Structure formats: C-alpha cells, structure tokens
Amino acid sequence: MKFSCPRDCCDIEANYKRWLGAVVVLVLALLATLAAPTLVFAEAGKNHSSTAGGGGGIGQVILIIWCVQSRHKPIGGWLLLFFIQLYLGIVVTAVLTVSSIANYYPSTWNGSPLYYLFLLSTVPGLLLRATQTVAGCFLLRTRAWKWVSRLRVLLVADLVCAIISLVIDLASFPDSIVFSVIALIWPLMWLPYFYVSKRVKRVFLTKDWPDAQKPVPNEIKLGYGD
C-alpha cells in the first residue's frame, strides 16, 4: 500500500531541506572566509611571526550576508567570495611581504643553502597570486571565457607549487608545515569551483545569466547563487 504525506508535511520537508542547504553553504563560506587571512600569511613569508587572528569576525559575517543578499546578480555567491578574497589577499600579501622583506635577503641566511629552498617554497606562490589577481581583473572587465581558462591554469600551477612547498617544508622547515598545508586550501577550494560552477559557465561562456553580457564597471557588483 502506498502512502502519501499531507501537503503541509511535504512543504515542511521541502523548507527544511532548503534551510539545511542554506546553512551548509553559509558554513562553507564562513570557513572559506576565515581561512583567507591565514592563507595570506602563509604566502607572505613563512618566517613572519604574526598569525591571523579573529578580529575580523564581524567583517567576515557581514561579507557572507552581503554575498547571500546579492545572490541574483551575475558576480555573486561563491564567485563574489573568490574575487573579494583575491583582491583583499593581494593587498595584505603585499603589506606582509614588505614588512618581512628581510627574510628574502641572502645576508639574512648567512650563506645557508636553505635560503634557496626558502625562495622556492615562497616566491612562486607570491607571483602566482599576483598573476591570478591580474587575470581576475581582466575576467571581470571583459567577461571573456579565455580568462576563466587562464585562471584554471594558474590555479593548477598554484596547487603544484603548494605541494612542492609542502614537500620542502617537510624536509627542511618543519615549523612551516602548517602554513604549507593551509596554502593548499586556496587552489583545492577554487580549482574545482571554476570547473563545476553553473554560474561561471552562464556568466562567462553562454552569457545567459541576467545582465551577464554587461562588463563590470569600476566597482565590483555582488551576488550569490552558484
């Protein structure tokens, strides 16, 4: 015998699943946003003595709410979160790199061969983040699919460099292993996104998202829903 639930029960179940999905998305976004400052410190120089704190917790929550409320716009949701992390990350990375520039001087290492391993484990990541920022700017301005393809390549390169950095740290800089592990989060999180996201395809390839064909002006437009 087949039983069917009352309509109210079905509506309750559907609403529950919707809210559960929203909670999952919010938790993932919060984790991604909380990880972003630590990723910046990992890239800016592993010998830097500072650590990412929780002082920006309120700003992170506001950022997530901002993404959720603007979910219907082309540059929104996870895509918005990517660009915000990318641009904030490059600014903070530049500041931290300048403040720890002494770590990159050969004289600081007193001729130690570890100096070259340190450069190999840090400099490629810094250069790749800068290159990703440039590619992101062109992607926002032109909305051309070729820049999505180039970002994918850069994220693959970022993943390879993060793995190499981890191997180097395991062998020579055990105190920096945690930073190398954290640095893996960025490419592992965003590389799959740029391959599976329906929003990315609709905004930059088929251009059938509302207003998807309009280039972004000087400010970044926000939204949600990938």
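Below are the figures for this structure:
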{"quantity": "Meets criteria (closer than 22 Å to TRP190 by Cβ and either out of contact with any Leu (no Cβ under 8 Å at 6 or more places or on another chain) or among the charged types (D, E, K, R) (or both)) for ILE75", "calculated": "no"}
{"quantity": "Residue in segment 132-142 that is buried (at least 18 other Cβ atoms within 10 Å of the Cβ), within 15 Å of PHE83 (Cα to Cα) and of a type in the set (D, E, K, R) present", "calculated": "no"}
{"quantity": "Close pairs from segment 97-114: first of a type outside the set (Lys, Arg), partner assigned to a loop (DSSP other than H, G, I, E, B), Cβ under 6 Å, at least 6 apart", "calculated": "SER100/GLY45; SER100/HIS48; ASN103/GLY45; ASN103/ASN47"}
{"quantity": "Matching residues in segment 95-110 - criterion: being loosely packed, with under 11 Cβ neighbours inside 10 Å and within 27 Å of the chain's Cα centre (by Cα)", "calculated": "VAL98"}
{"quantity": "So ILE164, is it more than 30 Å from LEU205 (Cα to Cα) and touching a residue at least 40 places away in the same chain (Cβ under 8 Å)", "calculated": "yes"}
{"quantity": "Selection count where residues are part of a helix (DSSP H, G or I), touching a residue at least 24 places away in the same chain (Cβ under 8 Å) and aliphatic (A, V, I, L, M), scope segment 172-202", "calculated": "7"}
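Quick note: the coordinates plus some simple rules give every number you see, no bench work behind them. Just so it is clear, the model here is predicted, and its values are computed rather than measured. Please note: Cβ atoms are built from the backbone with ideal geometry, for glycine as well, and neighbour counts cover all protein chains shown.
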